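The structure appears below as structure tokens.
Just so you know, all these numbers are worked out from the coordinates, no wet-lab data involved. Remember, predicted model here, so these are calculated numbers, not experimental data. Virtual Cβ from ideal backbone geometry, glycine too; neighbours counted across all protein chains shown.
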Amino acid sequence: MNEDRVDIPKLEGHHCFACGTANPKGLNLYFYRLGDAICTDITLDRNHEGWENVVHGGIISTLLDETMSWAIIFFKRTFFVTRKMGVKYVRPVLVGVPLTVAAKITDDSVSPKIRAVADIRDGKGSLLVRGTAEFVELPQERLSMVPEGLKKDMNLLFERLSSL
């Protein structure tokens, strides 16, 4: 697959803490494809702190979950939910340090289950955190739980991603 960076469009106006543009307290993450990975870059500040100068573990988990989710959005173009996630904290993630989160769908994914992995690395490429997760595609009969406006927006996004 091409290793050139491809910026990924996202939904505008939603309140998702991780990627929403309408959440003033959110992370407002932007994603891009690099080969078979979906990535995001971020530098967290003291508002994301747990222990002094260390990023809160819940924020770290959010970064992993959201980036793996965008890998599914980009490569699978389906509605899904997170079933379970594991996080291995390798080194402390410090505030003020540029981070890259990269996620991939694993080869053993079989519908309706989708498995993914993600890493968080610092600007020097050192591994800080590794995450694994299992997601489940929503069957057609369960899509009624997704609000109509969001369903419409996501389907438009899936169409836009098809051209990338």
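The table for this structure:
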| read-out | value |
| --- | --- |
| Nearest-0.05 FRET efficiency for Asn53 and Glu148, computed from C-beta distance (R0 45 Å) | 0.55 |
| The range 35-162: C-alpha pair distances exceeding 21 Å, % | 44 percent |
| Average Cα contact separation per residue, the chain, under 8 Å, 6 or more apart, as relative contact order % | 21 percent |
| Violating pairs (Cα-Cα greater than 22 angstrom) within the set Lys88/Lys124; Lys25/Lys84; Lys76/Lys152 | Lys25/Lys84 |
| Radius 9 Å from Cβ of Val117, net charge of other residues (Lys, Arg +1; Asp, Glu -1) | +2 |
